[in-house]
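Below is one structure, written out as structure tokens, with a few remarks after it.
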Amino acid sequence: MPSDATALHLVLSGDPALFAIVRLSLYVSLSAVVLAALIGIPLGAWIALTKFPGRQGLIVLLNALMGLPPVVVGLAVYLMLSRSGPLGAFGLLFTAGAMIIAQTVLVTPIIAALTRQTIEDLWIEYRDELTAMNLGPVGRVTALIWDARFSLVTALLAGFGRAAAEVGAIIIVGGNIEGFTRTMTTAIALETSKGDLPLAVGLGLVLIAIVIAVNALAWTARRAGERLAG
């Protein structure tokens with residue numbers, strides 16, 4: 001992006017570099033949320049409905065992992081994907097795939113923990129009905145996830161917020177390479193380090209606008225779904 005341009009000018013002029021950064025940011029964050037949901041929702045529901053030794057400790061650990069330090073996750077993923085690491089042969093380091101993996105690790109505990117609490121509350125409310133229906137474990141999990149589908153949108157939005165705001169982990173595993181792995185947050189960090197504060201602030205406002213737009217779309221879809229469901 002031109003160093004003398006403002007964020008507003010870049011948006012209004014349709015700057016291809018800026019929109020490439022926005023596309024990459026959305027692709028990485030949304031991909032990470034989808035993967036984290038596929039892992040975290042079933043995991044959270046299973047923990048909510050299953051009694052086993054050490055369950056309380058696992059719940060405490062899961063809640064603690066919601067605050068995972070991004071740079072620690074970035075370092076761990078870097079070591080896994082480096083040439084000398086166990087997954088080095090895949091050549092994922094300094095690619096969008098590496099950033100998706102790092103963000104998935106960060107987002108999964110958030111979705112899993114919030115799902116567990118939601119499903120556990122519903123289980124307490126509908127325990128008798130589900131028991132009378134003679135549903136097995138898989139049937140119970142499926143029924144409660146479906147019943148909680150609108151509430152789980154909040155968990156997904158929390159995960160998206162975490163992913164969209166992430167900078168530490170993706171700088172480590174992505175390298176902030178212009179045209180390849182530069183996202184909105186890493187671009188803001190770069191412009192700040194260069195002393196171009198107006199552009200950094202402008203990019204920050206663009207990022208906030210994107211997050212608000214995604215949340216508004218999700219909320220609108222949720223309300224429409226609730227009305228259709230009655």
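The values are calculated or read from the model by the stated rules, or taken from the named source; none is laboratory data. Being a predicted model, the structure only gives us computed values, none of them experimental. Virtual Cβ from ideal backbone geometry, glycine too; neighbours counted across all protein chains shown. Calculation scope for accessible area: heavy atoms of the full protein, side chains included, ligands and nucleic acids excluded. Shrake-Rupley method; radii C 1.70, N 1.55, O 1.52, S 1.80 Å.
Quick look at the numbers
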{"read-out": "Which numbered condition residue 192 misses (of (1) in contact (Cβ under 8 Å) with a residue 12 or more places away in the chain; (2) surrounded by 15 or more Cβ atoms within 10 Å (Cβ to Cβ); (3) of a type outside the set (A, V, I, L, M, F, W, C))", "value": "(1)"}
{"read-out": "Among the candidates 142, 186, residue that is of a type in the set (Val, Ile, Thr), surrounded by 14 or more Cβ atoms within 10 Å (Cβ to Cβ), free of Cβ contacts under 8 Å to residues at least 60 places away in the same chain and within 21 Å of residue 77 (Cα to Cα)", "value": "186"}
{"read-out": "Entirely in the range 6-82, the helices (runs of 4 or more DSSP H) that have 2 or more residues that are among the small types (Gly, Ala, Ser) and closer than 26 Å to residue 101 by Cα", "value": "16-49, 55-65, 70-81"}
{"read-out": "Within the range 145-182, tally of residues that are among the hydroxyl-bearing types (Ser, Thr, Tyr) and either farther than 13 Å from residue 28 by Cα or free of Cβ contacts under 8 Å to residues at least 60 places away in the same chain (or both)", "value": "2"}
{"read-out": "Tabulated pairs, the range 59-72, first at negative phi and without any contact (Cβ under 8 Å) to a residue 12 or more places away in the chain, second among the β-branched types (Val, Ile, Thr) and open to solvent by 60 Å² or more (accessible area, probe 1.4 Å), C-beta under 6 angstrom, 6+ apart or interchain", "value": "none"}
{"read-out": "Filtered residues of the range 175-230 (kept if on the phi > 0 side of the Ramachandran plot and among the small types (Gly, Ala, Ser))", "value": "175, 179, 195, 230"}
